[in-house]
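As structure tokens, the structure follows; a few thoughts come after it.
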């Protein structure tokens, strides 16, 4: 506690953010930051790499499709096994798998590999390795979500922990693409992929500073098919959670424009590789600014209503970005889109943590992974296809208009989400 000018005590930084007193949570934040720094740097490099190889907008959509197929197809099975196994060991296994994937991509970027394999085979191997990354992602998401609930044992700290955890994620989302742009400018994709591999090795440090956690045992183990259906049934029977997931899925599915940034960089805004990295980082910078504010001024009242306002702001930002031909305006609109999206992330993440029973965290999070993958990677695919058919600019602003339609439908069809309050104890936890 600190004293103010009147002699009264006022809450200090750690009193307002008690979750930061937890050393394991700090390691968890370091893990999230490093992981998303590496993955964002990797995906930015891959999109740039593929577009340089093919000069084809549809090929950018194929990158998203290659990742979303396994991410969705494996998620329910991943959630089942996450609930049965020890979470920290699963995260460690995923990190080791990402290291192997990073090494493989780095080898593929070398001139010797490209000259030996040729144009077409190199492209197919990129898609194949992205597919493997989607499989790993289907396990890492539920594992990290379940580990959060064990590292932060006090449910009253979930909102505070979610804000800080999301901030670490977004910081990685900001710095990863920017670092990728700088590395590509220095020495092409080879240097970028080497840096990704080094960061992935460093992820072993924070995960080894988290202790092994107990497995939350169920009274009776159901058959695997019944277990797989439990997560889906829970989400569909929890209206506020389902509404938040659907709103996020369709908004990012239609409103996403990240996959088309190489086209904007080269054909519309005419900026160099560093400019590309800045554009790719802009949503993360905006999200980081918002999450910093939310860590000190948390969303305590009417989070559902604020979610709808934020998603509307996201859609409008994407529409303006789509028609902009000025780099600074485009950067600012992407910045705003990240700021609005951060509110959605915190509200949706806190709802997910609050309403999910401990013994179902893996399966419910796996359903969440399906929604996220459907929006992000299918959104990349949708962007590539729409740009191929309609043209880049028309595809982006049309997607923003469709997002506004989704928001209107969800607002009137999901009253539980509009009225959701963090202070209320969810029925599922009673």
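If you build the Cα gyration tensor of the range 143-184 and take the root of 5 times each eigenvalue, what three semi-axes come out, in whole angstrom, biggest first? Present the calculation step by step, with values, prior to reporting the outcome.
Working: eigenvalues 168, 22, 4 Å².
Working through the eigenvalues yields semi-axes of 29, 11, 5 Å.
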- Message: Within a 10 angstrom radius of the beta carbon, how do 266, 57, 211, 87 rank from fewest other beta carbons to most?
- Response: 211, 266, 57, 87
- Alpha-carbon centroids, the range 116-162 and the range 36-87: separation in whole Å: 8
- Note on the structure: With bins of 5 Å, the percent of all Cα-Cα pairs of the range 106-195 per bin from 0 is 3, 11, 13, 16, 17, 13, 10, 8, 5, 3, 1, 0
- Neighbour-count ranking [beta-carbon atoms within 10 angstrom, fewest first] of 341, 154: 154, 341
- Take the alpha-carbon centre of the range 303-317, take the same for the range 270-291, and report the distance between them in whole Å. 20
- Item | Residues residue 115 and residue 237, FRET efficiency given R0 of 60 Å [Cβ-Cβ distance, rounded to 0.05] | 0.60
- Item | For 267, 67, order by how many other beta-carbon atoms lie within 10 Å, fewest first | 267, 67
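For the range 47-174, what class follows from the C-alpha gyration tensor (a ≥ b ≥ c being the square roots of its eigenvalues): rounded when a/c is under 1.5, otherwise prolate if a/b is larger than b/c, else oblate? Intermediate values should be presented prior to the final figure.
Working: a/c = 2.42, a/b = 2.06, b/c = 1.17.
The shape class here is prolate.
No value in this document is a laboratory result; all are computed from the given coordinates. In this text the structure is predicted, and so the values were computed from the model without any measurement. Neighbour counts run over all protein chains shown; Cβ positions are idealised from the backbone, glycine included.
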